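Here's the structure we're looking at; comments come further down.
Bear in mind these aren't lab numbers, they're just calculated from the coordinates by the rules spelled out. Note that the coordinates shown come from a computational prediction; the quantities given were computed from them, not determined experimentally. Glycine gets a Cβ as well: all are built from the backbone with ideal geometry, and neighbour counts include every protein chain shown.
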Amino acid sequence: MVAGGRIAAPVTWVRAVFRTVAVVMRCRVGGRAAFLSSLIIGVAAREVAADPNPIQIHDTPGDAVARRSDPGGDGPLDAMAHPPIDLLQITIGKWAPSAPQTDLFTGSFLDGGRFLRMDLTLAGLVNPPGVADPLAFGPFAWGAHPVFGFVEIDMDRDVQTGGELDSPQYRYLGNVVRFGGRPTAARFANRVAIDDSAFDGDFLTPPFVDRHGEEFHLAFLGELFAAADITEQAGDADMVFEEGETWNIRAPLFHRAHGFEPFSLAEGGAVPGEYSPVCDVQFQHDPAQNVTQVSLVFPLNRDAAGQMRGEPPEPYDHDPSNQASVEEALRDLRDSAAFVYQYPTGLPEQDIIARWKDKEPDDFIDPRRWDITVLLGTSFTAPNPAGEFFVWTDVCPDVVCGDVNGGGIAGALDLQAIEQYIAEHDASDGILDGRVVIQDFATDFSVYDVNHDGIVDAADTLLSCVTADADGDGDIDLCDFGHLQTCFSGSGIAHVPGACGLHDTDYDGDVDESDVERFEVLMTGP
């Protein structure tokens with residue numbers, strides 16, 4: 001079950017014990033205000049040089065491709081009816097709404113802005129997510145093209161703080177190599193799962209896949225809102241998100257990282273330690289550009305939180321149910337880390353918050369300084385018998401397709417690594433045939449399975465992530481060849497945007513004879 005923005009896991013006894021001790025100690029020093037005031041450092045915020053421009057992060061257009069995670073890799077999927085979600089761009093910066101009480105989304109980016117604004121630009125018509133849980137299945141409640149997944153934000157740019165301890169297999173670090181390579185940035189070293197052995201629940205040894213470094217994430221999960229939370233700013237009131245429409249959703253979609261919860265003093269959430277305030281997210285489709293912009297606007301500090309509610313700013317009280325802000329959530333981390341330092345839990349996982357003890361929250365509320373990772377996807381078309389929720393389709397930062405060693409290019413060294421992997425594991429399935437069948441695919445996976453078909457073989461030595469599986473049924477057959485024929489453009493002539501990119505296996509912008517030759521290598525069915 002998905003609950004509260006997390007894939008449900010039992011609340012540990014440590015959380016309850018920690019909360020009890022925290023309450024007792026607050027009472028001994030004269031209440032919450034006295035305890036917290038003793039921890040406040042009061043260092044003035046340090047701003048970057050005045051620059052109103054937001055940061056833009058570009059993602060490769062047309063690179064979306066289905067990446068399954070269900071046992072057998074054969075869950076029901078119709079990639080033609082429900083195209084893969086394709087991220088094009090992220091824009092993030094300080095925002096000044098013109099009328100913060102009534103319209104957060106009209107305004108301007110401004111260096112003195114007190115709000116966070118983050119825009120995700122997605123290709124085509126993309127609607128809010130329904131419920132993908134197999135036990136309450138309704139992913140297409142708001143339209144045929146729902147987006148699922150997570151945008152993770154590392155606000156202090158410290159990979160040692162923050163993370164998802166319970167379910168890292170649903171985040172960027174746990175899925176990025178399914179897209180054909182390893183990310184190259186130093187911050188991902190020893191943290192990326194190259195197969196499912198990374199999900200061993202061991203917090204102390206690499207790969208540290210559960211230590212995402214995130215302080216907050218934006219969750220695209222239909223379980224977090226209902227029809228009553230949707231306002232159609234522009235639409236025909238039929239509750240189906242369509243071309244040219246604009247919807248606002250007010251719901252708890254912007255969460256602080258769940259790994260902090262067992263060690264946090266925050267109150268007012270669904271579970272102790274949770275910081276999951278109600279926020280405003282807008283879906284807006286532009287028919288002229290045929291893109292959907294998904295926007296989040298949220299207070300950065302308590303002044304903005306008061307403006308949004310038309311109230312005087314409240315003192316920071318660690319409670320997301322009233323005036324919530326990024327700064328308040330980070331102050332809670334600092335105060336909670338100081339408490340953990342005085343009264344350690346004895347758990348190694350407390351290290352996920354410990355380094356916040358000496359950090360000044362005001363130093364980390366400029367969105368232009370944040371590190372961002374994105375994992376997006378769509379849904380199966382029917383409840384998956386294995387209980388899996390999503391089919392992943394795009395990541396950011398991208399990987400270089402075929403770069404299995406994380407060197408930044410795909411070339412001879414990567415080819416050698418794949419061939420060596422095949423040589424070392426060829427007989428693991430009892431057959432010596434120059435191919436390695438991944439057991440329990442697609443729950444299990446391998447960075448060396450570049451095209452993510454469950455087999456490491458000659459097709460992967462092409463260093464191509466594209467499988468040419470246009471209908472998403474798990475095989476490459478004559479039906480897919482028929483689709484290739486309709487997409488054939490010829491050498492040097494750009495193919496039709498969208499699903500035809502599934503046949504551009506050499507990534508040169510066209511579908512030509514070389515792609516037909518690669519299709520013959522990839523073909524698996526009649």
Review point. Which shape class, rounded, prolate or oblate, goes with the range 147-201 when its Cα gyration tensor gives a ≥ b ≥ c as root eigenvalues, a/c under 1.5 marks rounded, and past that a/b bigger than b/c marks prolate?
Key: rounded
Study note, to complete from the structure: In degrees rounded to 10, the 0-90 angle between helix 13-28 Cα long axis and the longest Cα principal axis of the chain is 20
Review point. What is the sum of charges around ALA198, taking Lys and Arg as +1, Asp and Glu as -1, for the other residues whose C-beta is under 14 Å from the C-beta of ALA198?
Key: -2
**Study point:** Hull shadow area, averaged, the range 396-522 [alpha-carbon convex hull, nm²]
**Key:** 8.4
Study note, to complete from the structure: One checks the Cα atoms of the range 323-476 and finds Rg and Dmax, in Å, of 22.1, 63
Point to revise | the range 259-308: radius of gyration over Cα atoms, expressed as a fraction of 2.2 N^0.38 Å | key: 1.65
Revision key, fill the gap. Here D for the range 236-284, in µm²/s, from Stokes-Einstein with a Kirkwood Rh over Cα pairs at 20 °C and 1.002 mPa s, works out to 167
Point to revise | Shape category assigned to the range 374-460 from the gyration tensor of Cα positions, a/c cut at 1.5 | key: oblate
Revision key, fill the gap. Note on the chain: the mean projected area of its alpha-carbon convex hull, in nm², is 25.1
Point to revise | the range 226-341: mean projected area of Cα convex hull, nm² | key: 8.7
Practice item. Specify the inter-centroid distance of the range 376-421 and the range 253-284, based on alpha-carbon positions, in whole Å. Key: 30
Check your understanding: If contacts are Cα pairs under 8 angstrom and at least 6 residues apart, what is the relative contact order of the range 396-522 in percent?
Key -> 17
